[in-house]
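Working notes, structure below.
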Amino acid sequence: MKKLFILVVLLFSICSLVAFASLFGLLTYKDKGYDWQWLGFPLINSGVQIARTSDTHQLLLRKVYLFPSTEVSVYTTMNNKLVLHLARFQTCSDSKQGQLQLNQKPVQTVTFNCKGSNEMIFSVVTSHLNSATIDYDGHKLSIDFAEWNIADIKKDQFKQLHSQYFEQLGQPSEYQWSRD
């Protein structure tokens, strides 16, 4: 009985270690030098990650899908629009077409451009994000942005653009922006 208990504890420890390594691996996968953190607990919540750029301190959100190797990220423009950026990590030489349905609007054909022979990228600017469905190279990816906390990056954008006002209220910005 004691050996069975030790075996169960050993198996549980190995499984826990593998799960932790996998979660850490998702934070560092194609991190582009950013210090990604989990927005919530990844096994319970959506698995969305959050980071700030080191140069401009802009807030970014992303989610990594390992199969297929895809990164979906969201950030703001200076005029409070949202940029949805899709990166598919695969070898490439030319542009490819895909299908995008954004916020239940009609499906549109979009072009994924080859970047550096190992990444296909596409970006679109929109005023809000509810959902997106991307059909690319035989893989369909559906995204519900309800769990992404988009309001946080819009709030951060607003506080950065109006930093003097918030300083007068005694709520100085944690990061000083250096965006154009």
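The values are calculated or read from the model by the stated rules, or taken from the named source; none is laboratory data. It should be emphasised that the depicted structure is a prediction, and the values quoted were computed from it without experimental measurement. Cβ: placed from backbone, ideal geometry, glycine included. Neighbour counts: every protein chain shown.
Condition first: part of a strand (DSSP E or B), at pLDDT 85 or above and over 15 Å from Ile121 (Cβ atoms). Can you find one or more residues in the stretch 83-95 that meet it? Within the stretch 83-95, none of the residues are part of a strand (DSSP E or B), at pLDDT 85 or above and over 15 Å from Ile121 (Cβ atoms). Here Gln108 does not qualify as over 30 Å from His57 (Cβ atoms), surrounded by 15 or more Cβ atoms within 10 Å (Cβ to Cβ) and modelled with pLDDT of 95 or more.
Screening Glu119 against (1) surrounded by 14 or more Cβ atoms within 10 Å (Cβ to Cβ); (2) free of Cβ contacts under 8 Å to residues at least 12 places away in the same chain; (3) of a type outside the set (A, V, I, L, M, F, W, C) leaves a single unmet condition, (2). Count of the stretch 32-51 residues, restricted to those that are at pLDDT below 85, aliphatic (A, V, I, L, M) and not in a loop (DSSP other than H, G, I, E, B), is 0. On the stretch given as the stretch 48-68, residues that are of a type outside the set (S, T, N, Q) and farther than 13 Å from Lys32 by Cβ total 10.
Within the stretch 130-153, is even one residue part of a helix (DSSP H, G or I), modelled with pLDDT under 95, charged (D, E, K, R) and within 26 Å of Gly33 (Cα to Cα)? Yes: the stretch 130-153 contains one or more residues that are part of a helix (DSSP H, G or I), modelled with pLDDT under 95, charged (D, E, K, R) and within 26 Å of Gly33 (Cα to Cα). A single entry from Asn149, Asn103, Asn80 fulfils the requirement of being buried (at least 17 other Cβ atoms within 10 Å of the Cβ) and on the phi > 0 side of the Ramachandran plot: Asn149. Can Tyr136 be described as closer than 20 Å to Gly40 by Cα and not charged (D, E, K, R)? It is false that Tyr136 is closer than 20 Å to Gly40 by Cα and not charged (D, E, K, R).
Exactly one residue out of Phe89, Phe67 is farther than 27 Å from Lys154 by Cβ, more than 14 Å from the chain's Cα centre (by Cα), exposed (fewer than 13 other Cβ atoms within 10 Å of the Cβ) and among the hydrophobic types (A, V, I, L, M, F, W, C): that is Phe67.
Here the condition is being surrounded by fewer than 13 Cβ atoms within 10 Å (Cβ to Cβ) and out of contact with any Gly (no Cβ under 6 Å at 6 or more places or on another chain); of Asp156, Asp94, it holds for Asp94 alone. Look at (1) within 16 Å of the chain's Cα centre (by Cα); (2) outside any loop (DSSP other than H, G, I, E, B); (3) surrounded by fewer than 17 Cβ atoms within 10 Å (Cβ to Cβ); (4) not hydrophobic (A, V, I, L, M, F, W, C) and you find that Gln164 fails only one, number (1).
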